[in-house]
1. Which FRET efficiency value, to the nearest 0.05, do you get for residue B:230 and residue B:268 by plugging their Cβ-Cβ distance into 1/(1 + (r/R0)^6) with R0 = 35 Å?
2. Give me a single rounded figure for B:191-198: the average over its residues of other chain Cβ atoms within 10 Å of their Cβ.
3. State, to one decimal in nm, how far the label point of residue A:8 lies from the label point of residue A:167, with both points 7 Å from Cα in the Cβ direction.
4. Give the relative contact order (percent, whole number) for chain B; include only Cα pairs under 8 Å separated by 6+ residues.
5. To the nearest Å, what is the center-to-center distance of the range A:155-227 and the range C:138-160, using C-alpha atoms only?
6. Find the centroid of the Cα atoms in the range D:44-116 and in the range B:139-207, then give the distance between the two in whole Å.
7. For Cα pairs less than 8 Å apart in space and 6+ apart in sequence, what is the mean separation divided by the residue count of chain C, i.e. the relative contact order in percent?
8. Tell me, what is the percent relative contact order of the range A:134-251, built from C-alpha pairs under 8 Å that lie six or more residues apart?
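Nothing in this text is a laboratory measurement; each read-out follows from the coordinates by a stated rule. Predicted model only: the values in this text are computed from it and were never measured. Heads up, the Cβs are rebuilt from the backbone with ideal geometry, glycines too, and the neighbour counts pull from every protein chain shown.
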């Protein structure tokens, strides 16, 4: 940003700098000034309908809404004054007079805009004694979103979202005056891949998520910055989990200007189910006769180590691009040290080339979060040529004795993964390291649980060669072990 | 009855003046022809000098409004005539549109030339079917007479005027509400700035003028700005159409010079109240104007600054006379219901505030009022006006509540304490 | 090291101490036996100490007028509980006007410190601290009280109705 | 059932083409036309208009539900809208409304059994000098008293 268009102005006596023409409210929020707002959202157009973000400017007699003001050189803004306090109290009162007393049964409690700003700017007892306007409740509009028009404060964020981001304009505000109600025409379900974003940007409990409905109160959840494993776009997300219950409850988008902006797709938001204990390999398993018998880590590790010594050099390894760059390096390093060369990866070149978006905004064809990472590490070891096709040729020759498979964490990412391994029966000992319970089949002799993407720190490289960090949260599966602990 | 100077109703009495041939015989469209020879700035200058102010309700000087339009010819500009006329107590535009459509069209041609606009729309409320028919017929005739369409009067200037039928929404009388309605969305006013003169219809510069304002332009061009200034007062020159209604002997629309005393309008021209009713209050400028008690009304002069000093506003000139048999709580019940029903619902203070005020007045009227309701009404009305919302409907809703409660507080208190009112006999719950 | 002391003959007269001790015991024994004064002890199982209405005993889940559980499973008691002994799972009620209700509500009586925070935190008067304090039991698993026990155990005689409007 | 415009209506719809620079502005005239054609804007009509102007149906319904003159419910052959605003209310128009509703034994905004009348209140109709005023479909009636209204209603052909 050239020096010329940085503008200097003053807010509450503090010097503030911002790029020229920037939205004033955005600057106030970024600089942590306490200005309440509902209908403004940095990713959407300005509505100026909730009338909460009033500020006073020197030289202007009347307070003005800051979401419709641009930043100018040398203007003096005040965000705290008697008049503003009174305006905010009354505007909040107008928001609340027809609001139902639903806090005990509303999922938004704890992160609700009305609760937060009431504690900050309200603190009055309601003078409303008249009958509240009654509207429709518990209306299902789509397979992810539940609508409650009574709680709606008509800030029109959802309407503008569906007009501007997926551009499907499925939501609108019907009728007029205080009988206005948001919704879709005849409650028709929302049909696009970004419906859950409208739940996230709804400041109140009017739009709530169906699969998070009544599951957990938000103040029990611990936040974790991570990257969505759903596809190669690498949207920045926030994972919400309850460490005590060892359960991940939802994944929300996190703002990243050049990767995913403020948004995230529904497909990605549903990935959390794949890493919850009910879909995970919980204990190491060894095949005895015709069923897989769960064992503890000692003999599982012994079985694994014996297999390693026994096979020596002609071990075969198959890696799927669902792990972090650090794990790939560890795998390649330990195996190539032992002189093992036939390490194969299942990265699909065709997917890598076409990086065009396959839905309205973000989702890409390659459903693996780290394809580029696996390619980079395999190239570093000179083994990038050995892809799935090469592996399947080797499989037909039936000279594979032992095989270690690093299976995909998310079965939806590659539905044909199992049948791409046909002819695996010929291999004597097959060992699988993975997380998804769906691959606990009799094809493998030994199954070892590893960590999912929320339990380990690491790096994913997205389709655009952008390296992004994921953080480690609580351990969801007791017996799961990091790959570096198993392979040593 | 002394005859008063006529600007708009000059040729009203001529039979079938609505026909183009009769209108042209009496000097119709001469001014439009002359305006097209003049430079647009010159036309704007004459209108500015005449001090003509917006007759819709805000009273913004018309010349100044026209001068806001940016001069670059590359941008398409729009002239929008506001014929929505839904302000209760007002029925003046209707007469102009039905009886003298050509006068309005001539005014629009002159205005379009002044702001270099080639496409104009007349937004008429859906209920005025006769006005719509009259104007559409008039536009057709103009096309055949080459007064509208391509290079009118043989000059290079071409102008199309279309009639746009509203569908029953008071908010579409507000400038940007009208523009939103014209753009095919619901009549939600737009956040200002940018003002319509810079970015209005389709985000292009557009001027919105009231029917009466545009109808006065031909006379000003013909007789010059100073002749227009002779009528009316220094700050509000010219004449204005006043609509007298209520229980008076001869209600109707009268063209009077600004500054005309309200007392004479009611008692001389209006013939005083009907049998043995006496004056209790007057609403001077349509429902959204603050009410005047009888004493105040007798001292008020009907001009912008005259009403301002009495604490109300000239507004659209709809003078409603309130007899002594009318209970003010019942009247406020009707007015607050009107604003609750017509609020567009975009901004929270107005959407919830008007609903709340009506419910409070409703409970006072039906003997459910509480002593603190009176102060609560004043607090709410004070906290939705004063720039708290996108458009002025909130202020328009707050002013009647504030003025009724302040000036007739005793009636409200009686309704609450004594739970009875000798004036309010109407029992059906509404 | 030994500290030499002169012999105290008076201490040998221990009979005197014996007499005074026995006298006091006998005095109290006869007074109590013959109910000659108000004695503080209560014949426990037959008579019980009366307790203040605000006594904090075994929890009660109140009911609505139509008999269903008053609790809307808003988790405030679980949040407020310092001993972390309340576990709730909420689910969707088929009647849309109720919308949310607890399918399981467990209080671990062994961990509960009887502080009454849950009663204070509840916005809808769904949980109260009752009058019972006799809950001796054989196995510790009986101390995990579930909804039926909390709401309609025999001693509540059909459950306590909460006066709040639904 | 599939609704569609009659040829005459289609011709008029196509005439809206040249009126506006912004094609979305044709929505309100088209809704007026659809109401004249089908009596009221049922959900099929809304979908049809949305398809015609390739707008999302939600946006068309949003506009249709905003204005009072566009009917979403079926209305009788004659729609009687009585003004109950300031001047008309002072001139007893609310009593006129109550009287008519009682006489036709119908609730406000509902149709009479024989689907002939729909009675409803309306805001100021711009005829305060001749209060109380009302409109039946497209014609104004001034200084209406209850008796006068009864006569008018009987005289209308069913």
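1. Here the calculated transfer efficiency is 0.95.
2. Details: counts 8, 2, 4, 1, 0, 0, 0, 0.
Taking the mean over all residues of the peptide, I get 2.
3. 4.2
4. Averaging sequence separation for qualifying contacts and normalising by length gives 16 percent for chain B.
5. 41
6. One Cα centre to the other: 27 Å.
7. Numbers: 201 pairs, mean separation 42.9, N = 166.
Relative contact order of chain C: 26 percent.
8. It rounds to 22 percent for the range A:134-251.
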